[in-house]
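Engineer: Here it is, the structure, as structure tokens.
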Amino acid sequence: MKDCDFIPADYHATRTMRAAIRLRAGCVSAMVAIMVLWVAAHHHRLSTVKAMMPEITRQQEQLSMDSAKKASMELERERLKDRRRLLTELEAGVSLVPVLSEISRRMPETIVLIELSASSPSVSRFSVEEQAPGKPQEPSAPGAKPATPTPPQEDQDLTATLTMMGIAVDNADVARFAAALEGSPLFDRIQPEAKGSTVWSGRRAQLFELTCGLVRQQEDKP
């Protein structure tokens, strides 16, 4: 048997439309609630980040101060290393007493020394430019890299040198003198150089310059 619906079709259409409106209103309300929650969470995160900014700035300044202090300590460590190497150089130095004695023993009678000078460049390499008193170091800007201390040069010549100026009868005497010094354990790298002829005490002579390295003299410790 077929059922008969006596309710007007307009009522069913109105009822369907109201249900659709309620559904859409519910979806819009849910979307608005989600947007409100997202805005509130985003605002909370922004407030948290703004509150953390002073602490982050303070940590950056502290990091810059620590970096500057580290650079200063690195420079002080290099200075102490230089002083320790200086003490080592001074402990194992060269005494000119046996050097002069060896020169006088090996020098021919036809040679006269008119000038003698010794230098030790190994000591000058340890000189460090000190900061002027009363002038504090300028603080570095936050985030700036501290100045890296310059490491000491290790390839410098640490050998003391002796330079002799003299006159000889001829260049053969100078060659014999250089060969005699090369046979001594106190000298190294003999470099003779002729400077031409000159007049000494009314006589013609050959002027020369002789440069040699001085070997370190190790003392026998008991």
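The values are calculated or read from the model by the stated rules, or taken from the named source; none is laboratory data. Treat the numbers as computed from the prediction; the structure is a model and nothing was measured. Virtual Cβ from ideal backbone geometry, glycine too; neighbours counted across all protein chains shown.
Engineer: What residue, among those in the stretch 160-170 that are surrounded by 17 or more Cβ atoms within 10 Å (Cβ to Cβ) and within 23 Å of P98 (Cβ to Cβ), is modelled with the lowest pLDDT?
Structural biologist: A160
Engineer: What residue, of R15, R22, R79, is more than 30 Å from R203 (Cβ to Cβ), modelled with pLDDT under 85 and not assigned by TED's automatic domain parsing to the domain that holds A172?
Structural biologist: Sole residue among the options that is more than 30 Å from R203 (Cβ to Cβ), modelled with pLDDT under 85 and not assigned by TED's automatic domain parsing to the domain that holds A172: R15.
Engineer: Let me ask something else. The conditions are (1) modelled with pLDDT of 90 or more; (2) under 43 Å from the mean Cα position of the chain (by Cα), and W38 fails exactly one of them. Which is it?
Structural biologist: Answer for W38: the failing condition is (2).
Engineer: State whether one or more residues within the stretch 98-111 are in contact with a strand residue (DSSP E or B) (Cβ under 9 Å, 6 or more places away or on another chain), in a strand (DSSP E or B) and either among the β-branched types (V, I, T) or modelled with pLDDT of 85 or more (or both).
Structural biologist: Checked the stretch 98-111: at least one residue is in contact with a strand residue (DSSP E or B) (Cβ under 9 Å, 6 or more places away or on another chain), in a strand (DSSP E or B) and either among the β-branched types (V, I, T) or modelled with pLDDT of 85 or more (or both).
Let's see how each residue does on (1) modelled with pLDDT of 85 or more; (2) surrounded by 14 or more Cβ atoms within 10 Å (Cβ to Cβ); (3) not assigned by TED's automatic domain parsing to the domain that holds I114:
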{"residue": "A172", "(1), (2), (3)": "yes, no, no"}
{"residue": "R176", "(1), (2), (3)": "yes, yes, no"}
{"residue": "A180", "(1), (2), (3)": "yes, yes, no"}
{"residue": "Q191", "(1), (2), (3)": "yes, no, no"}
{"residue": "S197", "(1), (2), (3)": "no, no, no"}
{"residue": "R204", "(1), (2), (3)": "no, no, no"}
{"residue": "L210", "(1), (2), (3)": "yes, yes, no"}
